[in-house]
Amino acid sequence: QEIITNSAGVFAFVMEKEQSAAKYRNRGRNLYSLQDATIACSHLQLALESFGIQSRWIGAFRDDEIRTVLDLGNKDVAGLLVFGYGKQSHHRSKRRNVDSYFTVIS
């Protein structure tokens, strides 16, 4: 994909299904391994942002090709995170008031 080849770099977030299954059985294999990979991606995305580095989550890719390129065997990739400095600032809009993100239920 062009966005991947034109980026400064890309991180691949691999699900460690069998490692998770060893402790949590099927729930670890089918859920926790995915959650762990996507949480790691989210944290890295926030860290990159704090340095002014832009990033974008890529979820649509050819699984078999990614496995081959990264020599992953039968492991699955939860997602890719491309990163780099954009041509324009990505801060295009003003920040929303933090209160607008929450609904208070009493």
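The values are calculated or read from the model by the stated rules, or taken from the named source; none is laboratory data. From a predicted model like this one, the values you see are computed outputs, not experimental measurements. Note: ideal-geometry Cβ built from the backbone for every residue, glycine included; neighbour counts use all protein chains shown. For the accessible areas, the whole protein counts, side chains as well, though only heavy atoms, and no ligand, DNA or RNA atoms are used. Shrake-Rupley method; radii C 1.70, N 1.55, O 1.52, S 1.80 Å.
So the check is Cβ under 8 Å with 6+ separation or different chains; which pairs have a first residue in segment 1-21 that's over 13 Å from Gly79 (Cα atoms) and a second one that's among the aromatic types (Phe, Trp, Tyr) and part of a loop (DSSP other than H, G, I, E, B)?
Gln1/Phe61; Ala8/Tyr85
Any idea how many residues of segment 13-43 are of a type outside the set (Ser, Thr, Tyr) and open to solvent by less than 40 Å² (accessible area, probe 1.4 Å)? Let's see the steps before the verdict.
Residues of segment 13-43 that are of a type outside the set (Ser, Thr, Tyr), as a first pass: 13-19, 21-23, 25-31, 34-37, 39-41, 43.
Those still in the list that are open to solvent by less than 40 Å² (accessible area, probe 1.4 Å) too: 13, 15, 21, 28, 37, 41.
Adding up the residues that qualify gives 6.
Just to verify a result, which residue in segment 44-64, among those that are open to solvent by 90 Å² or more (accessible area, probe 1.4 Å) and not in a helix (DSSP H, G or I), is farthest from Ala8 (Cα to Cα)?
Here the answer is Arg62.
Looking at the structure I just gave you, is Val82 modelled with pLDDT under 95 and surrounded by 14 or more Cβ atoms within 10 Å (Cβ to Cβ)?
Values: modelled with pLDDT under 95: yes; surrounded by 14 or more Cβ atoms within 10 Å (Cβ to Cβ): yes.
Considered against the rule, which asks whether it is modelled with pLDDT under 95 and surrounded by 14 or more Cβ atoms within 10 Å (Cβ to Cβ), Val82 comes out as yes.
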